[in-house]
Amino acid sequence: MKRLVNGVEVELETGNCQVSQGSDRLHVRSPEHAHTAVAVRKGDSVTISYKGDIYQVEKPSVVGAKGVAHATGQMRAPMPGLIVDVLVKVGDAVTKGQKLLVLEAMKTQQPFVAPFDGVVSEVGASAGEQVAEGAVLIVVEETSAQ
């Protein structure tokens, strides 16, 4: 089944994984590993925190400003939470996958990472601050390839 994951269309497959609902978490089991995940549905979109990463999963037809925003480096709070740590400041050069900020929501710490190599152009929150769902946390401007 095709879905958008963080703004990129992918084919989702379950493979050898089993997913079951716990009281407050999903349990994901494969022959090699067992992990937990937190999923929050809002309309046709699901935000998933799994193994330290955050995934925004949507049907291709529902992509709007959020998909465009992620592609442009604008990261928003997927739910209300507490900013635990801010690891960058405006003007910092970052590399794809670098941890930028940590949000704690639903008793789970969710790191936000750079979607591409770039420069931090906006930091919208500070450590210890409560943020609302949808608040702009970090904006990264992509550096052009030389």
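The values are calculated or read from the model by the stated rules, or taken from the named source; none is laboratory data. Since we're looking at a predicted model, the values are computed, not measured. Virtual Cβ from ideal backbone geometry, glycine too; neighbours counted across all protein chains shown.
So the values come out like this:
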| item | result |
| --- | --- |
| Filter result (touching a Leu at 6+ places or on another chain (Cβ under 9 Å) and more than 20 Å from Lys42 (Cβ to Cβ)) within the stretch 128-142 | Gly128, Glu129, Ile138, Val140 |
| Qualifying residues in the stretch 113-127 (those that are surrounded by 16 or more Cβ atoms within 10 Å (Cβ to Cβ) and part of a loop (DSSP other than H, G, I, E, B)) - the one modelled with the lowest pLDDT | Pro115 |
| All positions within the stretch 50-66 that are assigned to a loop (DSSP other than H, G, I, E, B) and at pLDDT below 75 | Lys59, Val63, Gly64 |
| Residue count for the stretch 73-84, restricted to those that are in a strand (DSSP E or B) and either among the small types (Gly, Ala, Ser) or at pLDDT below 90 (or both) | 4 |
| Residues located in the stretch 85-112, provided they are farther than 15 Å from Ala135 by Cβ, part of a strand (DSSP E or B), of a type outside the set (Asp, Glu) and at pLDDT 90 or above | Ala93, Val94, Lys99 |
